[in-house]
Structure formats: structure tokens, C-alpha cells
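Comments concern the structure below.
The values are calculated or read from the model by the stated rules, or taken from the named source; none is laboratory data. Not measured: the values here are computed from a predicted model. When we count neighbours, we look across all protein chains shown, and the Cβ atoms used for this are built from the backbone with ideal geometry, even at glycine.
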Amino acid sequence: MNDYERLADIIFPDILETIDDLEKRYPIRNLPDGACVTRFAPSPTGFLHTGSLFTSLISWKMAKQSNGVFIFRLEDTDTKREIKGSDIDLLTQLDIFGINPDEGFMGEGNPEKGNYAPYRQSDRANIYKIVIKDLIKRGLAYPCFCTPEELSSLREYQEKNKLNIGYYGEHAKCSKLSPSDAISKIEQGIPYVIRFKSRGNSLNKIKVHDLIRGDLELSENDQHIVIFKSDGLPTYHFAHLCDDHFMRTTHVTRGEEWLPSLPIHLELFNTMGWTAPLYAHLPVIMKQEDGNRRKLSKRKDPEAAVSYFLELGYPTEGILEYLLTIANSNFEEWRLQNMNSNIFDFNLSFDKMTLDGALFDLAKINNICKERLSRLNKDEFTLRALVFAKQYDNDLFEIINKDVDYFKNIINIEREKDNPRKDYEKFSDIYPLIKFFYKDKYDELLDSCDVLPFNELLNKSDVVNVINTYKDDLGIDLPEEDWFNHLKEITVKCGFCDNMKEYKKNKEAYKGSIADISEIIRVSMSIRKNTPNPYWVLKILGKEEVQRRFNLIIKKLGY
Ligand code: GLU
């Protein structure tokens, strides 16, 4: 046994398995040609970030459309940052979007799924130890005894002398220790971490290929990174690499913030003699603010958390659709030609991926979601509104349950058309927009309203006259066109103009126009300036209720 082997045995006395054993335990997958094995590998350190939803969507879709495998792996080696329960939250929120893993962590209490288990890094410590033991035996990893003080004075020295920062080359003090010196320090009980012994030189360039960015030249790694911490767990750089190898990942799809560390990962792959997976570093989601672009930030932007969209009741398919528009430049064109297709019929590709940071555009999300919600039929819309309301919106829950059919009539106004009404961006929009349909809510609205939202240019007495003239014969049973003609008669009777062109030419001759008449009726029925077509509001409210409301308005106006 040579000194390196002795050192490896002293550090990992219980590790008897070898890399060959791991290769056998986790065999090459038997998948069709072109199948992508991808993974989403979050650290359970908080909520699902909108950027992570984007990454996981792309990873999942790439696996799905190629008949591959999508893995959910928990990267929990940074125990200090771990937030209890966030593993479940991440999985649950992905599930709400229909992004379900084929393999991996399946939730607390459920067995993990797949032959490449375990899928939680903290349960894989033995695997990493086997690989590190091999590196130590080969003299390619070593214990480092530097204290935090030594490391910070090294940093100060490097900063002062304008040198590259880090543990590398001549600065990698412990890499110069002989195995027997290292053994004696270990025997003295001096704490240590294990570092990878890089053989690179940062002045050299390496060529790397990224599926999105093409061929790139990056500086070679020379950092002796920590691969194993004193808490008995590996670092991200090392752990994810072993996992991607032994889970037989073919495509690493992750945020572009990892691109600068790619040289480390590639050197490690080379050192191990393993073939690196293909890489696609996805654009980071950016926000435009005061003319500047910046990363969507957990601290500043509520929309950085996926929960923001869930709590407001955005339709999940709208959010996914939006993310596909920022993923692939040809998605929108495809969508226009396939308005009613499932978005996942679209074939996503890496080479159509946006290169620069993708710009997050809430207005666009709203438009897409509005469109999606308008295309649900009344039953589906109601069911989904109810699911949302049950969790997030008591008021909405209450009104739906009061009378489901009444609710359906309201949200069905001008829905069953080729170009349906687009009233709602999200389910939380419903209640404020439709509450006036409910008697008690209308009364509350009226009570709390200081100034009724009628056109200020109209005389109060004219408004009252219009309501009085219309009140007794609402035309509620007439077909829409006849009802409108009936309204024209009321218009003329009240001294208003029933023809907009004529009115514009000759305003002084009239008290107002047909548009004003329509608004008076609308406002009186709803205390709102914007509602669906008053004809339908009228029909849903019914004669008695409309007349009751008209009387209340007249009273409120002091007549
Ligand atoms: N755990 C890493 C993260 O938090 C995953 C990076 C990767 O996908 O390689 O983003």
C-alpha cells in the first residue's frame, strides 16, 4: 500500500466499495436514440423561484418530447441554508404546473421512484466518499488544514498584490503536504476539508460547447476547490457531478449563472475519465426597471416567487405558455397557428433559445392568461375558480357556493363565441368584477359609494329622468337587437341623441348620447363604469332586482 492509499484509508476507513461497483449499480440506461435524461436539481432552501420553474419546465419538456427521463433531485448538501419543508413545497408547486418527475424524490413518506436512487444528496454520502477515496489514492485530492484565518489572510495578500483570488498553484499550501505529513495532522485531530488537486492553468483556454450558446472559450480551471466539507458532506460542484454521472444524465439544463464554473466541472469529469453530459445554460430571467435590466430578484420582486401567481389564481397553463414564449423565439408564431392546441405539442429546441437574459413581462403574462381563461368553457372555468377560491379567496368561494348556476351565467356572458370576452386575467379578478351581481354586495357597494360614477357632465335630474323613463319597460324579454332599438326610443324620448355621428356634429342640441344612456343603465345596475354588455347584466339580474336598484339610485341621488 503506498502513502496515498494509506491516507485514503485513514480518511475513509469504512469505504470498501469502488467506482467499478458504482458503475455496475447504476448501469447505462437503455433508452431509445436521442432520448434526453434531464434533471431538475433544486436546493431545498426556499420557495420555487419563477426562474426555477422556467428551468424545470425546459428540463421536463426536453425529456418528455424525446421519450427520455426527467429526474427530480434534491441538492441539500448546504445544510445551513436548508429550509425545512421546502423540498415538499417545491415538488407540490411543480405538480400544480403538471411538471412531474419520472424519477426521484416523490414527497415525504413516499418512496423514491427510480433505479438510480437515492435522489437526495444527503443520502448519497457514501457514493461521494467512494469517488473521493479514489481521487485521494491517485493523489488528485488531499486534506486541507488551512484555518479560516489563514484563508482570509491569503485572500488579503492576493487582493493587495492584484493576484487571482483563490486556492490554487503556489497558494495551495496543503497540496504540498506529503501524505505522511497529512496523516500525522489528521492523527493530531486537526480539522480539515478535502480539496481537489487541479492540474489546470488559468492562462490556458479550453473550448466548450453549450447547446444554446454554441462554441465558447473559457479559462481553464486552476482552483483546488473544496469537494468535501468537514461536516461529512460534499460541495455542490462535486456532488452534482457524481450524480449526473451515476444517474446517467445526458443533458444538464441549468441557469447560466453556472456557466463560469463549467471549467471546474469539466476538469473533474476529465480527471474521473467520465464523459461529460451535454450542457445547456439557460437564460436568466431579467426585469426591466428604469431603463435598466436586472435579474428578477427574490427580495424586490413578488413575481419572483411562483407562489405569487398561484395565490392570485393565474391559470398555470398561461404561465407555462408565457415561459415557452421566452424560451423559444418561434413559439408565438406556432401558437398563433395553433390557438387551441396543447402547448406541449410544440417542439422545444435548444437552438431557438433566447441567448441574453429573457425579459420578464407581466403585461404579456396577463394577456396570455386572459386569452387562456376566455377559452375555458363555463363548467371548467367554474370548477377551477372554485378550486382557487377554496384555498385563496373566501368571498369568491361564498358567491360560487351560493348558487353555482347563477355564477356560471355571469361568467358565461359572451363566452361561447369565436372571440370570447376577455374579462379575467386570473381567478382573483372575478370577485371584484362580478360582486355587483349579488344583491347584498350591491347594497354594500351603494352604501359605501360617495359619488356615483355617472358622467359628471350630465345633470342629475336628466339622469333621474332617464332611469324613470326606462324603469317601467326594461325590454328584458326582447332579443338583443330589439332591446337596443328599445333603448334608442328611450334615448330620443329623454332628449338624448341616438346616433353618435349626429351627436358629435351637434352636441349642443342634445342632453347627451345613446352611449350616456347605456352608461346610466350600466352604472345604476352595477355602480361600475365597466361591466359586460348591460343587456346581459339586465337579463341575469332580472326585472325585479333591476327595478329595485333603479329605485335605490334615484333615492341616493336625492329625488
Ligand atoms: N442545486 C443547484 C441550484 O440550486 C443546481 C444547479 C444545477 O442544475 O446543476 O440551482
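Specify the residue that is farthest from residue 308 (Cα to Cα); the eligible residues are those in the range 356-371 that are at pLDDT 95 or above and either in contact with a helix residue (DSSP H, G or I) (Cβ under 6 Å, 6 or more places away or on another chain) or not in a helix (DSSP H, G or I) (or both). Filtering first and then ranking leaves 368.
Is it true that some residue in the range 56-78 is within 16 Å of the ligand (Cβ to nearest atom), under 30 Å from residue 139 (Cα atoms), at pLDDT below 95 and assigned to a helix (DSSP H, G or I)? No: the range 56-78 contains no residue that is within 16 Å of the ligand (Cβ to nearest atom), under 30 Å from residue 139 (Cα atoms), at pLDDT below 95 and assigned to a helix (DSSP H, G or I).
Taking only pairs six or more apart or across chains, which ones have beta-carbon atoms under 6 Å, a first residue in the range 118-131 that is on the phi > 0 side of the Ramachandran plot and assigned to a helix (DSSP H, G or I), and a second residue that is surrounded by 20 or more Cβ atoms within 10 Å (Cβ to Cβ) and hydroxyl-bearing (Ser, Thr, Tyr)? So the pair list comes out empty.
Residue count for the range 383-396, restricted to those that are surrounded by fewer than 19 Cβ atoms within 10 Å (Cβ to Cβ) and either of a type in the set (Ser, Thr, Tyr) or touching a residue at least 40 places away in the same chain (Cβ under 8 Å) (or both): 3. Given the residues 485, 468, 530, which is the only one that is surrounded by fewer than 18 Cβ atoms within 10 Å (Cβ to Cβ) and more than 29 Å from residue 420 (Cβ to Cβ)? When all the criteria are applied, what remains is 468. Taking the range 525-559 as the range and being within 41 Å of the chain's Cα centre (by Cα) and closer than 12 Å to residue 467 by Cα as the test, only 525 passes. Residue count for the range 475-525, restricted to those that are of a type in the set (Ser, Thr, Tyr) and within 21 Å of residue 546 (Cβ to Cβ): 3.
A search for C-beta distances below 6 Å between a residue of the range 166-193 that is farther than 19 Å from residue 149 by Cα and any residue that is crowded, with 16+ Cβ neighbours inside 10 Å, counting only pairs 6+ apart in sequence or on different chains, returns 179/4; 179/7; 182/7; 182/143; 183/7. Filtering 495, 558 for residues that are in contact (Cβ under 8 Å) with a residue 60 or more places away in the chain, assigned to a loop (DSSP other than H, G, I, E, B), of a type in the set (Gly, Ala, Ser) and out of contact with any Gly (no Cβ under 6 Å at 6 or more places or on another chain) leaves a single hit, 558. Taken over the range 69-106, the criterion of being in contact with an Asp or Glu (Cβ under 8 Å, 6 or more places away or on another chain) and over 23 Å from residue 244 (Cβ atoms) is satisfied by 88 alone.
Residues in the range 79-109 that are more than 25 Å from residue 237 (Cα to Cα), assigned to a loop (DSSP other than H, G, I, E, B) and charged (D, E, K, R): 108 alone. Can you confirm whether residue 34 is among the small types (Gly, Ala, Ser), within 12 Å of the ligand (Cβ to nearest atom) and closer than 25 Å to residue 352 by Cβ? Considered against the rule, which asks whether it is among the small types (Gly, Ala, Ser), within 12 Å of the ligand (Cβ to nearest atom) and closer than 25 Å to residue 352 by Cβ, residue 34 comes out as no.
Scan the range 19-41 residue by residue and report those that are out of contact with any Ser or Thr (no Cβ under 6 Å at 6 or more places or on another chain), surrounded by 14 or more Cβ atoms within 10 Å (Cβ to Cβ) and outside any helix (DSSP H, G or I). Result: 26, 29, 31, 41. For the range 539-549: of the residues being out of contact with any Phe, Trp or Tyr (no Cβ under 8 Å at 6 or more places or on another chain) and in a helix (DSSP H, G or I), which is surrounded by the fewest Cβ atoms within 10 Å (Cβ to Cβ)? Once the filter is applied, the top-ranked residue is 544. Sub-8 Å Cβ pairs linking a first residue in the range 250-272 that is within 13 Å of the ligand (Cβ to nearest atom) to a second residue that is among the charged types (D, E, K, R) and not in a strand (DSSP E or B), at least 6 apart or interchain, are 252/244; 259/213, ordered by first then second residue.
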